[in-house]
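Take a look at the structure set out below.
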Amino acid sequence: MSLGLEQCGLIGDLHTGAVVSNEGAVEWLCVPRFDSDACFARLLGDDSNGFFQIAPDAPAFRSEQVYEKGSLVLSTTFSTQTGSVRLLDFMPIREEHARIVRIVQGLTGYVDMKATLSLRFDYGVAIPWVRHIERGLSFVLGPNAVLLESAVELEGKDMMSVGQFRVREGQEMDFVLVFYGSTEKIPRQVRPREELTRTRAFWRGWIAEAKEDYGHYDAVVRRSMITLKALTYAPTGGMVAALTTALPEQIGGSRNWDYRYCWLRDATFALYGFLQRGHPVEARAWRSWLLRAIAGSADQLQIMYGVAGERRIPELELDWLKGYRDSRPVRIGNAASGQFQLDVYGEVADVLYQMLNHGIKPDENAWEIQRYLTDHVVSVWEQPDDGIWEIRGDRQHFTYSKIMAWVAIDRGIRTLDLLGYDGPRILWDRERTRLAERILSDGYSEKLGSFVQAFGSDRLDASVLLAPIMGFIDAKDPRMVSTVDRIQKDLSADGFILRYQPDAGVDGIDEPEGVFLPCSFWLVENLAMQGRVDEAEEMLEKLIGVANPLGIYSEEYDPTQRQMLGNFAQAFTHVGLVNAVQRVVHARQHAHELKP
């Protein structure tokens, strides 16, 4: 694939999603779930690994890609010397089978078009059996079957299915790709325009539930909320961290991880956005998913699970894929699922508490699990862990991990008091105080004037920017003010924020990476909380400017090359934007209220 993530959008059906480029190509799709095998994998390889392109059959054309307002319907307009056409791409909200619907609409003149379909199962390596049947073109391989329905005839050429057609002004041509099991009957036929109407109505109805308007930021917040919703798995309420796997954090590097799983941390931060924007259904569904996923022994809590709560996520390398822009290895699965990350206990405890504060009815089972987890944190917080960044080096006493252990105990106490439950409050309160004292004495460096990456360390880490956001310390505390200033000075790359200095060797991978966009949004929140609203707004605008033209973010960004890095679309980044906007808007309103 020659295009970059800057030229891509996503469509989805709340079970899975596809990456679609502005050249009319489906570059990535896993079915039937986000974490299933890919059947279009050109994003991580080349034409031989599968794609589905509908574009002008011309040596040169211009394209412009936008989302229809308030929806996940993607519109790509192609202009040629003879005319222009619009391509609408969407996935109907799943009822039984996954479908991709593509409608080509003639706008002016005429355009000669070409459709090229190359299905490759098992992550771009397995070629299906193709045949013409009454309903269209059938593709079968093992348990997988796909049907392409269209009035356009496609014929075999170079192991692909290719068709050419002309679209004149006012004409429309439909392509419907339906995925099902090879032992099932062919699914019912759908009417593309009815599905388009239904899909528009779903997304516009959902986003209209939002209860707060953020002024000139409202459009970017709505796009981020739609993106976050698109990353949820409707059958269980789980949310994947991203749509893709193995997109590099540095072009040509090896930091290529699989993010198609449910990270407890990412999901809990995303739920703050849902709660603040008035979407309690997603919060309740996630709580149900959580209680099923983490049921059992507290010491077996994982940092991530499959979308249905699966625990085994073995990591493999796919050597037949050359990687995005030749960035190997291409990995599926994630070995970090077996790590001990102390902070996730705090994030889980906090979001359960926040749900109560937003009026969501308490769940007796949730309290039983939270009490168990709080007791566990009390017993293990003095142990080193692998940290928020999934360090593949030695375990350490990471400052952020200890802050979130404090949050876990604090929220346990608050929940106990709020609901009037019985519990070991005296013990928990004592440990909360002891832990706070330890963080302030060992996690803060007087020499640097900053909270540091790990106890006794002299290295910075942007994760400590979450300390005031999570309520551990006041944002205006002199120690936090000086921490923000130090991070801005020493962890900045063109004004954006790095997670830490990767050349320190702490993560076991001696390679550079891009700036981590969520950390930059955390800095915005800190500046707003410190009353530095002009600075916060300036940085927020800068961050909004690095989204791609569709308003979609990846995980990281290279400010020198001005290109997106890491997996796409990244939930952690989008929720960072939503929360930062809310913080800035409220800080600005507060500043106006204080003026005489």
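Show me the strands (runs of 3 or more DSSP E) found entirely inside the stretch 41-93 where at least 2 residues are hydroxyl-bearing (Ser, Thr, Tyr).
Per the criteria, 62-67, 74-79.
Here is a check on your reading of the model: is residue 41 of a type in the set (A, V, I, L, M, F, W, C) and surrounded by fewer than 24 Cβ atoms within 10 Å (Cβ to Cβ)?
It is false that residue 41 is of a type in the set (A, V, I, L, M, F, W, C) and surrounded by fewer than 24 Cβ atoms within 10 Å (Cβ to Cβ).
Quick check: anything in the stretch 380-389 in the same structural domain as residue 462 (by TED's automatic domain parsing), closer than 21 Å to residue 425 by Cα and either of a type outside the set (A, V, I, L, M, F, W, C) or assigned to a helix (DSSP H, G or I) (or both)?
Scanning the stretch 380-389, I find at least one residue that is in the same structural domain as residue 462 (by TED's automatic domain parsing), closer than 21 Å to residue 425 by Cα and either of a type outside the set (A, V, I, L, M, F, W, C) or assigned to a helix (DSSP H, G or I) (or both), so the answer is yes.
Please work out which one of (1) without any contact (Cβ under 8 Å) to a residue 40 or more places away in the chain; (2) more than 21 Å from residue 552 (Cα to Cα) is the condition residue 218 fails and give its number.
Residue 218 satisfies every listed condition except (2).
Given (1) over 22 Å from residue 273 (Cβ atoms); (2) assigned to a loop (DSSP other than H, G, I, E, B), identify the lone condition not met by residue 362.
Answer for residue 362: the failing condition is (1).
Can you confirm whether residue 120 is basic (Lys, Arg) and in contact with a Leu (Cβ under 8 Å, 6 or more places away or on another chain)?
no
Might you check whether a residue that is among the hydrophobic types (A, V, I, L, M, F, W, C), more than 28 Å from residue 469 (Cβ to Cβ), free of Cβ contacts under 8 Å to residues at least 12 places away in the same chain and not assigned by TED's automatic domain parsing to the domain that holds residue 558 occurs anywhere in the stretch 199-211?
Yes: one or more hits.
Assess whether residue 127 counts as being surrounded by fewer than 18 Cβ atoms within 10 Å (Cβ to Cβ) and of a type in the set (A, V, I, L, M).
yes
Just one of 252, 237, 278 is assigned by TED's automatic domain parsing to the domain that holds residue 307, farther than 22 Å from residue 89 by Cα and in contact with a Phe, Trp or Tyr (Cβ under 7 Å, 6 or more places away or on another chain); which is it?
Result of the check over 252, 237, 278: 237.
Looking at the stretch 414-457, which of the residues that are crowded, with 21+ Cβ neighbours inside 10 Å and among the aliphatic types (A, V, I, L, M) is nearest to residue 382 (Cα to Cα)?
The extreme case among them is 435.
Whether any residue in the stretch 364-381 is over 25 Å from residue 271 (Cβ atoms), over 20 Å from the mean Cα position of the chain (by Cα) and surrounded by fewer than 16 Cβ atoms within 10 Å (Cβ to Cβ) is what I want to check.
yes
Just give me the residues in the stretch 518-556 being over 24 Å from the mean Cα position of the chain (by Cα) and aliphatic (A, V, I, L, M), in sequence order.
Passing the criteria: 527, 528, 529, 533.
So which residues in the stretch 163-187 are of a type outside the set (Gly, Ala, Ser) and surrounded by fewer than 16 Cβ atoms within 10 Å (Cβ to Cβ)?
Result: 164, 166, 168, 169, 171, 172, 183, 184, 185.
Suppose we filter the stretch 237-275 for residues that are in a strand (DSSP E or B) and over 18 Å from residue 515 (Cβ atoms); how many remain?
Residues in the stretch 237-275 being in a strand (DSSP E or B) and over 18 Å from residue 515 (Cβ atoms): 6 in total.
Condition test on residue 215, is it modelled with pLDDT of 95 or more and of a type in the set (Gly, Ala, Ser)?
So residue 215 fails the test.
Looking at the stretch 188-198, which of its residues are farther than 24 Å from residue 111 by Cα and either surrounded by 19 or more Cβ atoms within 10 Å (Cβ to Cβ) or touching a residue at least 40 places away in the same chain (Cβ under 8 Å) (or both)?
Matches in the stretch 188-198: 189, 190, 195, 198.
Residue by residue through the stretch 550-564, note down the ones that are assigned to a strand (DSSP E or B), buried (at least 20 other Cβ atoms within 10 Å of the Cβ) and in contact with a helix residue (DSSP H, G or I) (Cβ under 8 Å, 6 or more places away or on another chain).
554, 555, 556, 557, 564
Which one of these is outside the structural domain of residue 562 (by TED's automatic domain parsing), at pLDDT 95 or above, surrounded by fewer than 24 Cβ atoms within 10 Å (Cβ to Cβ) and within 25 Å of residue 331 (Cβ to Cβ): 21, 71, 63, 48?
48
How many residues are part of a helix (DSSP H, G or I) and either surrounded by fewer than 16 Cβ atoms within 10 Å (Cβ to Cβ) or not assigned by TED's automatic domain parsing to the domain that holds residue 533 (or both) if we restrict to the stretch 458-478?
1
Taking the condition of being over 19 Å from the mean Cα position of the chain (by Cα) and on the phi > 0 side of the Ramachandran plot, how many residues in the stretch 283-335 meet it?
Qualifying residue count for the region: 4.
Of the conditions (1) modelled with pLDDT under 95; (2) buried (at least 22 other Cβ atoms within 10 Å of the Cβ); (3) assigned to a helix (DSSP H, G or I), residue 506 fails just one. Which one is it?
With respect to (1) modelled with pLDDT under 95; (2) buried (at least 22 other Cβ atoms within 10 Å of the Cβ); (3) assigned to a helix (DSSP H, G or I), residue 506 is out only on (3).
Please verify whether residue 483 is in contact (Cβ under 8 Å) with a residue 40 or more places away in the chain, of a type in the set (Ser, Thr, Tyr) and part of a helix (DSSP H, G or I), treating the condition exactly as stated.
no
Can you tell me how many residues within the stretch 207-232 are surrounded by fewer than 19 Cβ atoms within 10 Å (Cβ to Cβ) and aromatic (Phe, Trp, Tyr)?
Of the residues in the stretch 207-232, 1 are surrounded by fewer than 19 Cβ atoms within 10 Å (Cβ to Cβ) and aromatic (Phe, Trp, Tyr).
Give the number of residues within the stretch 533-549 that are surrounded by fewer than 19 Cβ atoms within 10 Å (Cβ to Cβ) and of a type outside the set (Asp, Glu).
The total comes to 4.
Considering only the stretch 404-418, I want to know if a residue exists there that is touching a helix residue (DSSP H, G or I) at 6+ places or on another chain (Cβ under 7 Å), touching a residue at least 12 places away in the same chain (Cβ under 8 Å), outside any helix (DSSP H, G or I) and over 27 Å from residue 443 (Cα atoms).
no
The values are calculated or read from the model by the stated rules, or taken from the named source; none is laboratory data. Since this is a predicted model, take the numbers as computed values, not measurements. Because the Cβ atoms are built from the backbone with ideal geometry, glycine has one as well, and the counts that use them run over all protein chains shown.
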